[in-house]
2 protein chains.
Amino acid sequence: MLGSGVVAGTYDLDFAYGRTDKDGLTFGDELRRIGYLGDAPAAPRQFAAIIEAHIEQGPILDSEGTTIGVVKGIQGAYWFDVTLTGASAHAGPTPMEIRRDPWRALTPIVAGIFGIAQARGPWGRATFGDVKALPGARNTVPEKLVLTVDIRHPDTATLEDMVREMHDLIARNAAANGIEAHVEQVWYMPPTAFDARLIEQVTKSADELGYSAREIVSGAGHDSLHTAQFAPTAMIFIPCASGISHNELEWAEPDDLSAGADVLLHAVLALANDQETA
Amino acid sequence: MLGSGVVAGTYDLDFAYGRTDKDGLTFGDELRRIGYLGDAPAAPRQFAAIIEAHIEQGPILDSEGTTIGVVKGIQGAYWFDVTLTGASAHAGPTPMEIRRDPWRALTPIVAGIFGIAQARGPWGRATFGDVKALPGARNTVPEKLVLTVDIRHPDTATLEDMVREMHDLIARNAAANGIEAHVEQVWYMPPTAFDARLIEQVTKSADELGYSAREIVSGAGHDSLHTAQFAPTAMIFIPCASGISHNELEWAEPDDLSAGADVLLHAVLALANDQETA
């Protein structure tokens, strides 16, 4: 989504080129190295409509046996880095009762954030994708634990409530355990609503082609989130096996891929032939 | 302790040379690179007595204002790697209720192991020095969490009880959350008792020199653990500020360092002049 974000003006081109991976390699240098750093301007052109086809990356279509998901919009997400700082100490000699071990705060924080998401079912989500212990030595109480937190909900007000509760929870459990907590917001993706006329056309094309369809909300971010800032945008979902994604087990049936492409083609043709689009 | 472990025959020389750091560099290659790979045999010589002086690495002497710790032995320790395997899933689209998120098992396991150690106060210890999430992506439920566990107690039977309870706790919480648990024992250090005659001499020397002294158990492993396998061994502790160790804040007062060296010198002289030692 970095490229579409630059085109939409959400990110500066230099910001994009400066992004680093875990090994410190920058996006710009690596594009140059592999010969993909072109000279076309990274700016919006005039689009009558943008429709993005994608696997659902979730289990709903697959479990229901529905072929086409007509995506109404994308749920909002917050990313945070939560740093819990205590005091490192040798594992053997330091009595338990005088330690300031950040694990004491981390476990109720993780359990509590799960609770915050589950209280907002079925769309509330909480994910802890990464965690690091510093210094990370087996025989040393960590001075710091750094936890990534991903919180999502399609409704803006509900999402804000969840984040407020998370901040309270972290502050409370850090204080109760003599731990210093620092919460850094890394990213915010506001809920996005797609274009009503395009949603209607995707529904119509799926119907005309005889595919089963249902409305759905995207739980993940997509390029369409950025393109919706400068052009009418919609998405088409197809099922993926058990909703598994970002994983080598990811799988979509050829028939479903074909159905998705079919709906995409017919929706785009209909829009291109529609006087109002031009 | 790797070198003393080889001398004691606990480790093979090739095992020692083959140890790698986090970057995959081996101990043997690095010794060669810095010019420290000598050719003297790594085997026990004949020792009448071995006395190791060390900071306590714990807070007891410092908080009491006692100068000399006469170390009776070293508490036992187990090291484990606990791998909790669930299923990775995209953070947005995957409903909370169908996830198999290893965090669900990890939080009660960490809290429970703290409980196991604290129920064996004041010497029971539990430390989680490192943790890794795999694949470790911010927007993905981790497939695996790998947690290091360090459990210590100076009494063998109590230590075994703690480990048994830990295995039960892990199995129970993994099963309850649909998570697969694998516990790998990485290291075991049995409790070590030091030589009675040397302990007596250290006590006597501290007393003759007018330093305050108390008996103490070492919570950390030391070279003396290995040397005690082939020679009469004891240790002398001095205070360190707030018990902080393995940390840039580690500090010992010059007067205490001097006192420890003084007791070491006089104990060694007394033993060297003692007919029984020769």
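Things to note:
Yes/no per residue for (1) assigned to a helix (DSSP H, G or I); (2) modelled with pLDDT of 95 or more; (3) closer than 30 Å to B:E215 by Cα:
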| site | (1), (2), (3) |
| --- | --- |
| B:L147 | no, yes, no |
| B:A157 | yes, no, yes |
| B:V163 | yes, yes, yes |
| B:A174 | yes, yes, no |
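- A:H153, sole failed condition from (1) surrounded by fewer than 22 Cβ atoms within 10 Å (Cβ to Cβ); (2) closer than 25 Å to A:G121 by Cβ; (3) modelled with pLDDT under 95: (1)
- Residue match in the stretch A:17-32 (condition: away from chain B (no Cβ under 11 Å), small (G, A, S) and over 30 Å from A:A137 (Cα atoms)): yes
- Checking B:L209, B:L159 one by one, the residue that is in contact (Cβ under 8 Å) with a residue 24 or more places away in the chain, touching an Asp or Glu at 6+ places or on another chain (Cβ under 6 Å) and closer than 30 Å to B:A231 by Cα is B:L209 and no other.
- Counted residues, the stretch B:155-192 - those being more than 23 Å from the chain's Cα centre (by Cα) and among the acidic types (D, E): 2
- Selected residue [over 26 Å from B:H90 (Cβ atoms) and among the aromatic types (F, W, Y)] from A:W123, A:W103, A:W79: A:W103
- Leading residue by the ranking (farthest from the other protein chains (Cβ to nearest Cβ)) among those in the stretch A:222-251 that are assigned to a loop (DSSP other than H, G, I, E, B) and open to solvent by less than 20 Å² (accessible area, probe 1.4 Å): A:A231
To keep it simple, each residue is scored yes or no on (1) at pLDDT below 95; (2) within 22 Å of B:R152 (Cα to Cα).
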residue: B:P190; (1), (2): yes, yes
residue: B:T203; (1), (2): no, no
residue: B:F230; (1), (2): yes, no
residue: B:A234; (1), (2): no, yes
residue: B:A252; (1), (2): no, no
residue: B:D255; (1), (2): no, no
residue: B:G260; (1), (2): no, no
residue: B:L264; (1), (2): no, no
residue: B:L269; (1), (2): no, no
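- Strands (runs of 3 or more DSSP E) contained in the stretch A:60-140 and holding at least 3 residues more than 7 Å from chain B (Cβ to nearest Cβ) and not hydroxyl-bearing (S, T, Y): A:68-74, A:76-85
- Failed item, numbered, when B:V70 is tested on (1) touching a Pro at 6+ places or on another chain (Cβ under 6 Å); (2) modelled with pLDDT of 95 or more: (1)
- Residues within the stretch A:73-94 that are touching a Pro at 6+ places or on another chain (Cβ under 7 Å), closer than 30 Å to B:F80 by Cβ and touching a residue at least 60 places away in the same chain (Cβ under 8 Å), tallied: 3
- Any chance B:R45 is free of Cβ contacts under 8 Å to residues at least 12 places away in the same chain and open to solvent by 20 Å² or more (accessible area, probe 1.4 Å): yes
The values are calculated or read from the model by the stated rules, or taken from the named source; none is laboratory data. Please read these numbers as outputs of a predicted model, since none were measured by experiment. Every residue, glycine as well, gets a Cβ built from its backbone with ideal geometry; the counts of neighbours run over all protein chains shown. The protein model used for the area step is the full one, side chains on, heavy atoms only, and it has no ligands, DNA or RNA in it. Shrake-Rupley method; radii C 1.70, N 1.55, O 1.52, S 1.80 Å.
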